[in-house]
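This is the structure, below, for whatever I ask next.
The values are calculated or read from the model by the stated rules, or taken from the named source; none is laboratory data. The structure presented is a predicted model; accordingly, all values stated were derived computationally and were not measured. Here the Cβ is made from the backbone with ideal geometry for all residues, glycine too, and neighbour counts use every protein chain on show. Heads up: the accessible areas ignore ligands, DNA and RNA and are worked out on the full protein's heavy atoms, side chains in. Shrake-Rupley method; radii C 1.70, N 1.55, O 1.52, S 1.80 Å.
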Amino acid sequence: MKKNKIIVVGGGPSGMMAAIRAQTLGQDVTLLERKSTLGNKLLLSGKGRCNLTNTEEFSDFLKRFSKSGDFLRDAFKKFFVAELIAFFQERGLETKVERQLRVFPQTDRSSSVLDVLKREMDKLGVKIIYNSKVIDVFVKEGKAKGVRLENRVDMVADRVILATGGASYSFTGSDASGINMVKKYGHSIVPLQAGLIPIDVKENYPKKLEGLTLRNIKLKFSDGKKEIVSEVGEAIFTATGISGPLVITLSGRVIDLLGVNKKVYVEIDLKPALTVEQLDARLLREFKANSKKGIKNLLKELLPLRLIKLFIEVVGIDLLKKGSQITQVERQRIVALLKGFRMEVSGPRPLEEAMVTRGGISLKDVDPRTMESRLVKGLYFCGEMIDVDADTGGFNLQAAFSTGYLAGDSAASD
């Protein structure tokens with residue numbers, strides 16, 4: 001195999017995996033990282049524990065991607081869950097599977113994952129240059145020939161792999177610069193949007209409930225025509241809206257539902273295990289059996305303490321009312337709110353705060369068999385900078401590793 005000089009731009013999971021694969025195949029690889037350290041966003045993943053991947057069945061795994069699952073088939077066939085787990089185990093890092101089939105390192109530390117990748121690059125001899133921001137890719141006669149750094153230093157190469165990330169968490173080095181860089185060579189860019197992000201609401205309820213976690217609840221987002229319904233799980237109030245696993249997972253679809261100037265509402269089913277009729281019968285029994293108890297005390301069995309006062313205010317009942325004084329209409333209003341605590345969605349949090357970026361380089365411009373640009377020979381893309389995004393749960397990180405591996409393999413083999 002011919003020894004090519006390959007430049008990888010970006011030291012995130014996809015870039016590091018691309019560098020490792022290409023160097024393993026005997027290539028001369030240089031990795032350029034604009035920050036002073038590698039894997040800055042990787043260290044944040046899984047709340048610092050690094051949710052590496054997920055052991056769902058292949059067909060279900062693909063469905064976790066908003067629209068790009070089929071595009072990733074070739075990358076996943078080359079390097080998927082079993083290969084990723086084996087990669088780390090062979091280098092001394094054991095993994096474990098937790099609920100919802102999420103895979104984490106046994107150490108529960110993202111730094112352990114990063115350490116394996118760094119050690120492997122060092123062992124193979126990958127050259128790493130820090131504090132090196134790339135501002136352009138050289139293209140001559142339709143072929144990538146190198147890159148230009150911010151300090152005007154030019155570096156020549158036979159192949160260039162861009163792994164510069166999306167536009168969220170820009171402090172880690174992802175600021176969409178790589179995506180914008182290739183526009184001039186004719187690549188189409190799908191508009192960048194937030195993915196996996198908390199949702200803001202118009203009401204001031206969240207401010208009063210900030211930090212309160214609701215467990216075993218269900219969410220329904222609706223614009224009056226379409227509905228997005230969650231599984232049963234957790235949500236948490238933020239200062240401006242709601243977050244938590246259920247919200248984060250559905251956020252991309254909610255953003256799509258919002259569209260332009262649409263009104264979208266979220267309803268929180270605080271008691272999804274009970275029907276309206278069952279709840280009404282339960283309340284009726286409670287109010288009769290504890291007729292002298294105040295409404296605040298009567299709701300303690302149904303709601304978190306921090307939510308009770310606000311809940312009663314929203315229902316519109318006097319806080320001093322006792323069980324015997326609650327009318328049928330008031331009881332029905334309580335039931336209705338328990339099954340649908342409603343707020344109007346104002347939009348997602350800013351893109352900067354998103355866990356992943358939706359959009360990026362159009363998949364039409366990338367060959368799924370190699371991750372090579374269809375417009376510039378010798379230019380490869382991987383990771384979050386391409387228009388690939390998925391649910392939370394390890395799917396996005398697996399896509400980063402898989403596309404990085406394929407890009408490195410292809411750049412070394414072509």
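List pairs: first in region 93-121 and acidic (Asp, Glu), second open to solvent by 10 Å² or more (accessible area, probe 1.4 Å), Cβ under 7 Å, 6+ apart or cross-chain?
Hits for this filter: Glu94/Gln106; Asp108/Arg49; Glu120/Arg91.
Give region 49-70 a look and list any residue that's among the basic types (Lys, Arg) and either loosely packed, with under 15 Cβ neighbours inside 10 Å or farther than 18 Å from Thr249 by Cβ (or both), or say none. First the steps, then the outcome.
Applying the first criterion (among the basic types (Lys, Arg)) to region 49-70 yields 49, 63-64, 67.
The answer is Lys63, Lys67.
Could I ask something else about it? Among the residues of region 259-292, which ones are open to solvent by 100 Å² or more (accessible area, probe 1.4 Å), free of Cβ contacts under 8 Å to residues at least 60 places away in the same chain and on the phi < 0 side of the Ramachandran plot? Step through it out loud before you land on a result.
Just the residues of region 259-292 that are open to solvent by 100 Å² or more (accessible area, probe 1.4 Å), to begin with: 260-261, 263, 277, 285, 288, 292.
Still in the running and free of Cβ contacts under 8 Å to residues at least 60 places away in the same chain: 260-261, 277, 285, 288, 292.
If the condition is that a residue be open to solvent by 100 Å² or more (accessible area, probe 1.4 Å), free of Cβ contacts under 8 Å to residues at least 60 places away in the same chain and on the phi < 0 side of the Ramachandran plot, then Val260, Glu277, Arg285, Lys288, Lys292 are the ones that fit.
Now for a different question. Note down all Cβ pairs under 7 Å where the first residue falls in region 175-190 and is under 11 Å from Leu162 (Cα atoms), the second is in a helix (DSSP H, G or I), and they're at least six residues apart or on different chains.
Correct list of pairs: Gly178/Met385; Ile179/Met385.
Another one. Hey, could you check region 87-125 for residues that are among the acidic types (Asp, Glu) and open to solvent by 20 Å² or more (accessible area, probe 1.4 Å) and say which is nearest to Gly408 (Cα to Cα)? Full working, then the answer.
Of the residues in region 87-125, the ones among the acidic types (Asp, Glu) are 90, 94, 98, 108, 115, 120, 122.
Now restrict to residues that are open to solvent by 20 Å² or more (accessible area, probe 1.4 Å): 90, 94, 98, 108, 115, 122.
Details: Glu90: 20, Glu94: 24, Glu98: 30, Asp108: 28, Asp115: 20, Asp122: 16 Å.
It comes out as Asp122.
Same structure again: Of everything in region 187-203, what is touching a helix residue (DSSP H, G or I) at 6+ places or on another chain (Cβ under 8 Å) and assigned to a loop (DSSP other than H, G, I, E, B)? Give them in sequence order.
Of everything in region 187-203, those that are touching a helix residue (DSSP H, G or I) at 6+ places or on another chain (Cβ under 8 Å) and assigned to a loop (DSSP other than H, G, I, E, B) turn out to be His187, Ser188, Leu196, Ile197, Pro198.
A further question follows. I need the full set of residues from region 71-86 which are touching a residue at least 12 places away in the same chain (Cβ under 8 Å) and either open to solvent by less than 70 Å² (accessible area, probe 1.4 Å) or over 16 Å from Gly408 (Cβ atoms) (or both), in order please.
The answer is Phe71, Leu72, Arg73, Asp74, Ala75, Phe76, Phe79, Phe80, Val81, Leu84, Ile85.
Does region 226-239 hold any residues that are open to solvent by 20 Å² or more (accessible area, probe 1.4 Å) and either closer than 22 Å to Lys271 by Cα or modelled with pLDDT under 90 (or both), and which are they?
Initial filter on region 226-239 (open to solvent by 20 Å² or more (accessible area, probe 1.4 Å)): 226-227, 229, 231-232, 234, 236, 238-239.
Glu227, Val229, Glu231, Val232, Glu234, Ile236, Thr238 - these are the residues of region 226-239 that are open to solvent by 20 Å² or more (accessible area, probe 1.4 Å) and either closer than 22 Å to Lys271 by Cα or modelled with pLDDT under 90 (or both).
Let me ask something additional. Provide a single number: the residues in region 304-337 that are basic (Lys, Arg) and open to solvent by less than 60 Å² (accessible area, probe 1.4 Å). Give the derivation first.
Initial filter on region 304-337 (basic (Lys, Arg)): 306, 309, 321-322, 331, 333.
Still in the list and also open to solvent by less than 60 Å² (accessible area, probe 1.4 Å): 321, 331.
The number of residues fulfilling the criteria is 2.
Another question, if that's okay. Tell me which residues, restricted to region 204-218, are of a type outside the set (Lys, Arg), open to solvent by less than 100 Å² (accessible area, probe 1.4 Å) and assigned to a strand (DSSP E or B). Walk me through how you get there before you give the answer.
Start the filter on region 204-218 by keeping residues that are of a type outside the set (Lys, Arg), which leaves 204-206, 209-214, 216-217.
Narrowing the set further to residues that are open to solvent by less than 100 Å² (accessible area, probe 1.4 Å) leaves 204-206, 209-214, 217.
Residues satisfying the conditions are Thr213, Leu214, Ile217.
Moving to a separate point now. Does Gly195 fit the bill of being more than 27 Å from Glu384 (Cα to Cα), among the small types (Gly, Ala, Ser) and under 21 Å from the mean Cα position of the chain (by Cα)?
Judged against the criteria, Gly195 is not a match.
For region 50-72, give me each residue that is closer than 30 Å to Asp115 by Cβ and either in contact with a Gly (Cβ under 6 Å, 6 or more places away or on another chain) or hydrophobic (A, V, I, L, M, F, W, C) (or both).
The answer is Cys50, Asn51, Leu52, Thr53, Asn54, Phe58, Phe61, Phe65, Leu72.
A further question on this structure: Give me the residue from region 1-48 that is in a loop (DSSP other than H, G, I, E, B) and among the hydrophobic types (A, V, I, L, M, F, W, C) and, out of that set, surrounded by the most Cβ atoms within 10 Å (Cβ to Cβ). Don't jump to the end; show me each part of the working.
Taking region 1-48 and keeping what is in a loop (DSSP other than H, G, I, E, B), we get 1-4, 10-12, 25-27, 33-41.
Right, trim to among the hydrophobic types (A, V, I, L, M, F, W, C) and you get 1, 25, 38.
On the way: Met1: 8, Leu25: 17, Leu38: 22.
Result: Leu38.
Something else: Could you please find all residues in region 338-375 being surrounded by 22 or more Cβ atoms within 10 Å (Cβ to Cβ), assigned to a loop (DSSP other than H, G, I, E, B) and modelled with pLDDT under 95?
Within region 338-375, Ala354 is the sole residue that qualifies.
Exactly one condition in (1) more than 24 Å from Asp414 (Cα to Cα); (2) assigned to a loop (DSSP other than H, G, I, E, B); (3) in contact (Cβ under 8 Å) with a residue 60 or more places away in the chain is false for Phe61; which is it?
Of (1) more than 24 Å from Asp414 (Cα to Cα); (2) assigned to a loop (DSSP other than H, G, I, E, B); (3) in contact (Cβ under 8 Å) with a residue 60 or more places away in the chain, only one is false for Phe61: (2).
Okay, moving on. Please determine whether any residue of region 114-124 is at positive phi and out of contact with any Leu (no Cβ under 6 Å at 6 or more places or on another chain).
To start, the set of residues in region 114-124 that are at positive phi comprises none.
No, region 114-124 contains no residue that is at positive phi and out of contact with any Leu (no Cβ under 6 Å at 6 or more places or on another chain).
Limited to region 340-383, what total is found for residues that are touching a helix residue (DSSP H, G or I) at 6+ places or on another chain (Cβ under 6 Å) and closer than 30 Å to Leu283 by Cβ?
Qualifying residue count, region 340-383: 0.
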